[in-house]
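The values are calculated or read from the model by the stated rules, or taken from the named source; none is laboratory data. Quantities reported herein were computed from a predicted structural model and do not represent experimental measurements. Note that we place each Cβ from the backbone using ideal geometry, even for glycine, and neighbour counts take in every protein chain shown. In case anyone asks, the SASA skips ligands and DNA or RNA and just uses the protein heavy atoms, side chains included. Shrake-Rupley method; radii C 1.70, N 1.55, O 1.52, S 1.80 Å.
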Amino acid sequence: MAKYTGPVCRMCRREGEKLFLKGARCLSGKCSLEKRPTPPGQHAATRKKASEYSIQLREKQKTRRFYGLCEKQFKGYFNKASKMRGATGENMLVLLERRLDNVVYRMGLASSRAQARQIVNHGLITVNGKRVDIASYLTRKGDVISVKDNKNDKKVFADIKSGAVKVTVPTWLTFDAEKLTGTIAELPAREDIGEHIEEHLIVELYSK
């Protein structure tokens with residue numbers, strides 16, 4: 001599947017909920033979903049009742065877009081999760097949370113996952129002291145994620161370091177704002193993922 005290059009707010013409207021794809025804008029009055037809470041398209045209001053397949057598909061699309069993945073990538077995580085012990089849906093979400101771009105976002109070093117992916121791809125992040133520029137890199141318990149020392153003066157990081165931007169991290173992460181360094185204290189559990197995702201619908205879809 002090709003990369004989506006259209007207006008990202010359109011995806012939030014299509015899924016009917018905020019996917020937080022544009023950072024601070026999603027929390028402001030400029031949010032397109034608040035202005036136009038209907039799905040895009042001139043026939044959106046006349047759509048019929050959703051079928052079981054449609055509900056499952058929308059849940060998959062919502063989750064995929066939430067993490068900013070293409071279909072092939074997303075299906076790959078599902079296949080990997082299905083070979084692991086435990087519930088496939090939960091395993092898949094944990095794998096997605098462990099992605100380096102997601103960890104950078106959860107640490108508050110970026111206002112959106114798209115920005116976090118750009119930060120990683122540009123080589124501004126180190127894992128255990130080594131530069132990693134692969135957004136899909138799977139972090140592990142005990143990994144130390146930091147901003148490169150010579151990149152601390154960039155505005156996006158300087159505001160965090162000075163305390164101008166308050167950072168709230170999930171319980172499975174620790175973060176030192178002054179040093180711009182975080183640690184994977186524990187691997188995330190299902191209850192640590194606050195987003196409303198019904199992963200069993202995704203499992204049902206892919207299991208057909």
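Just a few scattered comments:
- Accessible surface computed residue by residue for the stretch 129-195, with neighbouring protein chains in place and a 1.4 Å probe, gives 61 Å² per residue.
- Accessible-area composition of the stretch 74-208, carbon plus sulfur, in percent [1.4 Å probe]: 48 percent
- Rounded FRET efficiency, nearest 0.05, which uses the C-beta distance separating residue 54 from residue 134 and R0 of 22 Å: 0.05
- Measuring with a 1.4 angstrom probe and ignoring ligands and nucleic acids, residue 58 comes out at about 60 Å² accessible.
- Highest mean first, the peptides 201-207, 90-96, 160-166 sorted by other C-beta atoms within 10 Å per residue fall in the order 90-96, 201-207, 160-166.
- For residue 171 and residue 73, the FRET efficiency from 1/(1 + (r/R0)^6), where r spans their Cβ atoms and R0 equals 30 Å, is about 0.65.
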